[in-house]
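Undergrad: Dropping a structure here in structure tokens format, bear with me for questions.
The values are calculated or read from the model by the stated rules, or taken from the named source; none is laboratory data. Quantities reported herein were computed from a predicted structural model and do not represent experimental measurements. In this analysis, Cβ positions are derived from the backbone assuming ideal geometry, glycine residues included, and neighbour counts consider all displayed protein chains.
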Amino acid sequence: MSIDLSIIEKDNNTLEKKFKGIIQINPDLKRSLVSFQANKALAGYRWYKFKEGYSSSLVEYVLKKLNIKNGALIDPFAGSGTSLFVANENGINAVGIELLPIGQKIIEVRKKIIQNSSKKILETLKIWLINKPWISEKKAQDINYLNITRGAFPKDTEIFIGKYITSTNKEKNPDIREILIFVFLCILEEISFTRKDGQYLRWDYRSGRGEGKNAFNKGIIKKFDEAIVNKLNQIIEDIEKTNIDIKINNKKIDTINGSCLEGLKKLKTKSFDILMTSPPYCNRYDYTRTYALELALLGANEESLKKMRQDMMSCTVENKDKNNLEESFSKNVYRNVSKAFNGQKVLQDILKYLEQEKIKKTLNNPGIVRMVKNYFFELSLIIFESARILKKGAYFVMVNDNVRYAGINIPVDLILSDIAQNAKLKVEKIWVLPTGKGNSSQQMGKHGRQELRKCVYLWKKL
Ligand SMILES: C[S@@+](CC[C@H](N)C(=O)[O-])C[C@H]1O[C@@H](n2cnc3c(N)ncnc32)[C@H](O)[C@@H]1O
């Protein structure tokens, strides 16, 4: 039976009515709070600009609102570890799961700087700043490239990178070596021809990897020396200014490197007081592409990159079905998730509609149907498994965006909230970010379509 837009609209209205009163605009949630922007001036958080991160102030805001002062926090999509570090600063233990090696590295190094005697680290960083060993180094180590990152740096920069890596290898202490490599990872984008831009890594016209007539000019490409000196200075300043090692409050950060589809299963039932996270959005954004430079320098090859992409939560058209899911979850969880997923009417109608559009060849990419389907199924598994590890009364807080495909708005917020109710999670609030761009009817007039909601969901474990 074919399905038309009016049916989806009707189901959608029913779902909106169900969550009436729960879904509310929260004027406190400025866009800068929910994006990385507010971290740009903050000690520790500003070292590596993880553009998909949220701000530490958002985590502070949530902890304060929910009156959480101790216990344990879990973030299954830890990224650069914002939730984990803020939790620690507020006297809360934290566990983070992250799949991407660049996220793992950011967390690991920051932890080391906090937990080790920062005196020794400071001394070494200062010596590096004065001696600049990469300048006098004779040997430039070859750097690891992937097909999509070849030629990413100007020639002179590439030589300095090689010399910098050779110099770090001469440091005896492995923690110091790791920190020095991290300093360099923090400047990669500014010294390269590339810019992280949504789904892609964009290339500046000077790289010779043209984008034809849409040639892109990223503006100033920093010299290696200037960028690394600035970053060393910034990190030194932050360690000195904030005395970071006092802030830890004797609290722990534990990490699980790998997919949360696996990692969550290892955690004890009813052991966490809060979950705060932001999963990848269902927006085709490919982290393995935009972070390819960093991943290559951390040792990724074509094969491991492909595997990483497939292991990530499905959010790109390249993601294939994950075929081991049924065996890897308990029968009970898998059955309950399938029931909640298949019973979510708006989602099922949207999937049917997208399938129709795919057959008519009106979808931008035929892989969109599989991506949307798997996005919701995998996230449902994660929601059910997360509910298991939360204590009674604990909150599950998720930041996510709605998306639009084939002209239909997919209410990710309402669909996931509806599914969460099947996992013994009570939907308390869906905070919507104020758009600041006028009301939706003005939007409709201007753009012919509604603005997509950006939300923070608060679910409470029953
Ligand atoms: C929106 S970002 C989280 C950013 C984080 N809140 C922060 O402030 O840095 C989503 C993260 O989920 C990670 N990710 C994607 N699939 C994953 C999976 N299956 N298991 C664990 N992490 C995953 C991505 O690598 C990315 O770092």
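Undergrad: Need pairs with beta-carbon distance below 6 Å; first residue of a type in the set (D, E, K, R) and within region 356-383, second more than 16 Å from the ligand (Cβ to nearest atom); sequence gap 6+ or separate chains.
TA: From residues that are of a type in the set (D, E, K, R), the pairs are 357/363; 357/406; 358/366; 358/369; 373/351.
Undergrad: Within region 125-138, identify whether any single residue is loosely packed, with under 15 Cβ neighbours inside 10 Å, touching a Lys or Arg at 6+ places or on another chain (Cβ under 8 Å), assigned to a helix (DSSP H, G or I) and modelled with pLDDT of 95 or more, and answer yes or no.
TA: yes
Undergrad: Taking into account only those residues within region 139-162 that are among the hydrophobic types (A, V, I, L, M, F, W, C) and in a helix (DSSP H, G or I), which is surrounded by the fewest Cβ atoms within 10 Å (Cβ to Cβ)? Steps first, please.
TA: Step one: filter region 139-162 for residues among the hydrophobic types (A, V, I, L, M, F, W, C), giving 140, 143, 146, 148, 152-153, 159-161.
Next, from what is left, pick out any that are in a helix (DSSP H, G or I): 148, 159-161.
Working: 148: 18, 159: 16, 160: 22, 161: 24.
Out of the qualifying residues, it is 159.
Undergrad: For region 292-303, which residues satisfy the criterion of being assigned to a helix (DSSP H, G or I) and within 14 Å of the ligand (Cβ to nearest atom)?
TA: Going residue by residue through region 292-303, those that are assigned to a helix (DSSP H, G or I) are 292-297, 302-303.
Result: 292, 294, 295.
Undergrad: Please specify each residue of region 410-426 satisfying the condition of being surrounded by fewer than 22 Cβ atoms within 10 Å (Cβ to Cβ) and touching a Lys or Arg at 6+ places or on another chain (Cβ under 8 Å).
TA: Kept after step one, since they are surrounded by fewer than 22 Cβ atoms within 10 Å (Cβ to Cβ), are these residues of region 410-426: 418, 421-422, 424, 426.
Once the filter is applied, which keeps residues that are surrounded by fewer than 22 Cβ atoms within 10 Å (Cβ to Cβ) and touching a Lys or Arg at 6+ places or on another chain (Cβ under 8 Å), region 410-426 yields 418, 422, 424, 426.
Undergrad: Any residue at all in region 420-434 that's at pLDDT below 95 and polar (S, T, N, Q)?
TA: The answer is no; no qualifying residue exists.
Undergrad: Next question. Would you point out the residue of region 311-343, among those that are within 15 Å of the ligand (Cβ to nearest atom) and aliphatic (A, V, I, L, M), that is nearest to residue 258 (Cα to Cα)?
TA: Here the residue is 312.
Undergrad: While we're on this one: Could you check, for region 399-407, whether at least one of its residues is within 30 Å of residue 72 (Cα to Cα), part of a loop (DSSP other than H, G, I, E, B), modelled with pLDDT of 95 or more and within 16 Å of the ligand (Cβ to nearest atom)?
TA: Yes, there is a match, as at least one residue in region 399-407 is within 30 Å of residue 72 (Cα to Cα), part of a loop (DSSP other than H, G, I, E, B), modelled with pLDDT of 95 or more and within 16 Å of the ligand (Cβ to nearest atom).
Undergrad: Here is a further query. Tell me which residues, restricted to region 52-90, are more than 21 Å from residue 112 (Cβ to Cβ), small (Gly, Ala, Ser) and away from the ligand (no atom under 11 Å from the Cβ).
TA: 57, 71, 72
Undergrad: Give 261, 347 a once-over and let me know the one that is more than 22 Å from residue 202 (Cα to Cα) and within 16 Å of the ligand (Cβ to nearest atom). I'd like the intermediate steps shown before the answer.
TA: Working: 347 fails: within 16 Å of the ligand (Cβ to nearest atom).
None of the others qualify; the one that does is 261.
Undergrad: Now for a different question. Hey, could you check region 91-101 for residues that are farther than 16 Å from residue 398 by Cβ and more than 8 Å from the ligand (Cβ to nearest atom) and say which is surrounded by the fewest Cβ atoms within 10 Å (Cβ to Cβ)?
TA: 91
Undergrad: Further question: Residues to consider are 244, 248; find the one that is modelled with pLDDT under 95, more than 16 Å from the ligand (Cβ to nearest atom) and crowded, with 19+ Cβ neighbours inside 10 Å. Don't jump to the end; show me each part of the working.
TA: Working: 248 fails: crowded, with 19+ Cβ neighbours inside 10 Å.
Just one listed residue meets the conditions, 244.
Undergrad: Could you give me the residue pairs with C-beta distances under 8 Å whose first residue belongs to region 202-230 and is at positive phi, whose second residue is at pLDDT 90 or above and not in a helix (DSSP H, G or I) wherever it lies, and which are 6+ apart or on separate chains?
TA: Every condition considered, the pairs that remain are 208/151.
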